[in-house]
1. For ASP65, indicate whether it is free of Cβ contacts under 8 Å to residues at least 40 places away in the same chain and touching a strand residue (DSSP E or B) at 6+ places or on another chain (Cβ under 6 Å).
2. Tell me which strands (runs of 3 or more DSSP E) are completely within the stretch 55-162 and hold 3 or more residues being surrounded by 10 or more Cβ atoms within 10 Å (Cβ to Cβ) and at pLDDT 65 or above, or say none if there are none.
3. So which of ALA11, ALA18 ends up being over 12 Å from LEU76 (Cβ atoms) and surrounded by 15 or more Cβ atoms within 10 Å (Cβ to Cβ)?
4. Do we find a residue being in contact with an Asp or Glu (Cβ under 9 Å, 6 or more places away or on another chain) and polar (S, T, N, Q) anywhere in the stretch 2-25?
5. Search the stretch 34-54 for residues being farther than 18 Å from GLY22 by Cβ and buried (at least 17 other Cβ atoms within 10 Å of the Cβ), and hand back the single one that is modelled with the lowest pLDDT.
Amino acid sequence: MTVTELEYEQANARMQRAQQGGTVVSARYQRATRRLVIELTTGVQLSVPATRLEGLSDATARQLDQIEISPSGLGLHWPLLDVDLYVPALLQGVLGSKKWMASLLGKKGGASRSEAKQAAARTNGLLGGRPKGKTGITVAGQKSGKASRPPASKPPRKSATG
C-alpha cells in the first residue's frame with residue numbers, strides 16, 4: 001500500500017486534532033479495584049473497570065500490569081495480550097467493537113429488575129412458576145422449538161369388579 005503525501009498530511013492533521021483533547025501521560029492497572037487508571041496532559045484522570053474493556057475483561061492482573069503508551073500518546077497497548085486501546089474513543093464511551101458492546105448491553109438488559117418484571121415473576125410463582133414456552137412458533141416460514149406431540153392416551157382403568 002502506497003501512502004501519498006496528501007494522505008500523510010491528512011493523517012497527521014487528524015492526529016493533531018485528536019491530541020488536542022489530551023494525550024496519555026501515564027496508565028496503570030490498580031489491582032485492588034481492578035480498574036485501569038489513565039492520566040492525560042489536560043489533567044483529566046480516567047478510571048475504568050478492566051472488565052468493561054474489550055480484550056481485557058478476562059485478563060489476569062499480571063497481564064494487565066504491563067501497559068505501553070503509544071508514541072502519539074493516543075493509544076495503549078498490552079503486549080502480553082496483544083490488545084490495543086484508542087484513548088480518544090474511550091473518552092467518547094467506546095469500550096470495544098459494536099458487537100462486543102451490544103453483548104454487554106444484552107447482558108445488562110436480561111438482568112434488569114424493573115417493577116413490571118418483578119411483578120410478573122411473583123405472579124408466575126403463585127401460578128406454579130414460569131409458563132412453559134409454546135412450541136411450533138413460526139418464524140420466517142420455519143417452525144422453531146420442539147415439535148408438539150399429542151398427549152399420550154392412558155389405558156382405561158380396570159374396576160375392582162371387573
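1. Yes, satisfied.
2. On the way: elements: 75-78, 83-86, 137-139, 142-144.
The strands (runs of 3 or more DSSP E) meeting that bar are 75-78, 83-86.
3. Values: ALA11 fails: surrounded by 15 or more Cβ atoms within 10 Å (Cβ to Cβ).
The conditions single out ALA18.
4. Looking for residues that are in contact with an Asp or Glu (Cβ under 9 Å, 6 or more places away or on another chain) and polar (S, T, N, Q), one finds none in the stretch 2-25, hence no.
5. Going through the stretch 34-54, the residues farther than 18 Å from GLY22 by Cβ turn out to be 34-35, 49-54.
From what is left, the residues that are buried (at least 17 other Cβ atoms within 10 Å of the Cβ) are 35, 50, 53.
Details: ARG35: 95, ALA50: 92, LEU53: 87.
Filtering the stretch 34-54 for residues that are farther than 18 Å from GLY22 by Cβ and buried (at least 17 other Cβ atoms within 10 Å of the Cβ), the one modelled with the lowest pLDDT comes out as LEU53.
The values are calculated or read from the model by the stated rules, or taken from the named source; none is laboratory data. Since the model is a prediction, treat every value here as computed from it, not as a measurement. All Cβ positions, glycine included, derive from the backbone under ideal geometry; neighbour counts span all protein chains shown.
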